[in-house]
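Step one of this worksheet: look at the structure below.
The values are calculated or read from the model by the stated rules, or taken from the named source; none is laboratory data. This structure is a prediction, so every number in the text was calculated from the model and none was measured. Quick note on the areas: whole protein, heavy atoms, side chains included, nothing else; ligands and nucleic acids left out. Shrake-Rupley method; radii C 1.70, N 1.55, O 1.52, S 1.80 Å.
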Amino acid sequence: MFAIMAPGQGSQTPGMMAGWLRDPVHAERVRAWSEAADCDLVHLGTRASAAEIARTENTQPLLVAQGLLAHEALAAAGTAVAAGHSVGELTAAAHAGVLTPVDAVRLAAVRGRAMAAACAEAPTSMAAVVGGDEARVLERIAELGLHAATFNGPGQIVAAGLTERLQQLAAAPPHGSTVKPLPVAGAFHTPYMESARQAFAAAAAATDFAAPRGALLSNADGEAVTDPEEIRRRLVEQVVRPVRWDLCLETLARLSPGLTVSLPPARTLANILKRRHPELDVLPVNAARDIGKALVRIGESARKEEPAHAGV
């Protein structure tokens, strides 16, 4: 058994798709996804500036497209545990066979545009609260009328809400913690995204969802979800609800896959997993050549497991 992790917003870097698109098969695939998403993913993944790809409406389809360039090769390796961080859940859903890659990229574009529009409705943002006692951190966030939007692991909670309240949080952080403002357009994964949830719900309702191959972990509670309608509902609700990446990692550790492949851009999630569960073997895939390494390692992992099942 192997696992894949798909990154979310904030992990993008300029030119991250350039090396991949030297392969004409990948290039043609991205052009088709661009048409479905109604945006130029080739430009965004090669020539666009950091500021351009940081725009929510651009970041989300770009990240899903980047993560899916490894899909065909990894799908041939068999079923896997799939988990995605925020918009990366769409990438993970495609790797699990719930969505087609085209639909995953298209839905990411709808989601990104809708969330960008929602950000314009009120002056909101996000900030990482690092360290401190979790109960006290959550209490302080609630005191200020903010929301705990993302749980990346012990000592790393992202608060979201009105910008002025986040400034108050930074000025008087919980004991033992530091507050780091994040360069994002608004308060993602909070009720401030309700209009985006509605727009994304309409697009998801018009899209076919299938039962997953393997285990598809949910950001809602870290558990595997098998029913297509429940997966659809959770993906929609995720727009306004917290990302429990900490619980996804707990489930991953419990399942103990022989190898976890961190999809491109791979560094952020690979580093979080290494810090949280150093006992798990993780392989970052950042370049097309890394796919071959991943397939070799997946094969080696499978062969190690075979003796335990011999004669069964």
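Summarising the amide proton neighbourhood of Ala149: residues at separation of 5 or more, or on other chains, whose placed amide H is nearer than 5 Å comprise Val158, Ala159, Ala160. Computed over protein heavy atoms with a 1.4 Å probe, the carbon and sulfur contribution to the accessible area of the chain reaches 54%. Between the helical axis of 194-205 and the longest alpha-carbon principal axis of the chain there is an angle of about 20 degrees. Sequence-ordered 3J(HN,Hα) estimates for segment 210-215 from the Karplus curve with 6.51, -1.76 and 1.60 and θ = phi - 60° stand at 10, 5, x, 8, x, 9 Hz, glycine and proline given as x. The Cα center of segment 114-136 and the Cα center of segment 184-216 differ in position by 18 Å. Helix-only mean residue ellipticity at 222 nm, the chain, DSSP H runs n ≥ 4 weighted -39,500 (n - 2.57), per residue, nearest 500. What is it? So the calculated ellipticity at 222 nm is -15000 deg cm²/dmol.
Put simply, the amide H of Val282, placed in the peptide plane, has neighbours under 5 Å in Thr260, leaving out anything fewer than 5 places away on its chain. Using a cutoff of 8 angstrom between alpha carbon atoms and counting only pairs six or more residues apart, the relative contact order for segment 18-98 works out to 21 percent. Note on surface exposure: His71, His175 rank His175, His71 by accessible area, highest first, 1.4 Å probe.
What is segment 181-267 by shape, rounded, prolate or oblate, if you read a ≥ b ≥ c off the alpha carbon gyration tensor as root eigenvalues and call it rounded for a/c under 1.5, prolate for a/b larger than b/c, and oblate otherwise?
Because a/c hits 1.5 or more and a/b fails to exceed b/c, segment 181-267 counts as oblate.
With every protein chain in place and a 1.4 angstrom probe, the accessible-area ranking of Met17, Met1, largest first, reads Met1, Met17. Phi-derived couplings, Karplus 6.51 cos²θ - 1.76 cosθ + 1.60 at θ = phi - 60°, listed residue by residue for segment 180-192: 10, x, 9, x, 10, 7, x, 8, 5, 6, 9, x, 5 Hz, with x used for Gly and Pro.
For the chain, the solvent-accessible area with a 1.4 angstrom probe is 42 square angstrom per residue. Specify whether the C-alpha gyration tensor of segment 1-92 places it in the rounded, prolate or oblate class, a ≥ b ≥ c being the square roots of the eigenvalues: rounded for a/c under 1.5, otherwise prolate if a/b is larger than b/c and oblate if not. Note, shape of segment 1-92 comes out oblate.
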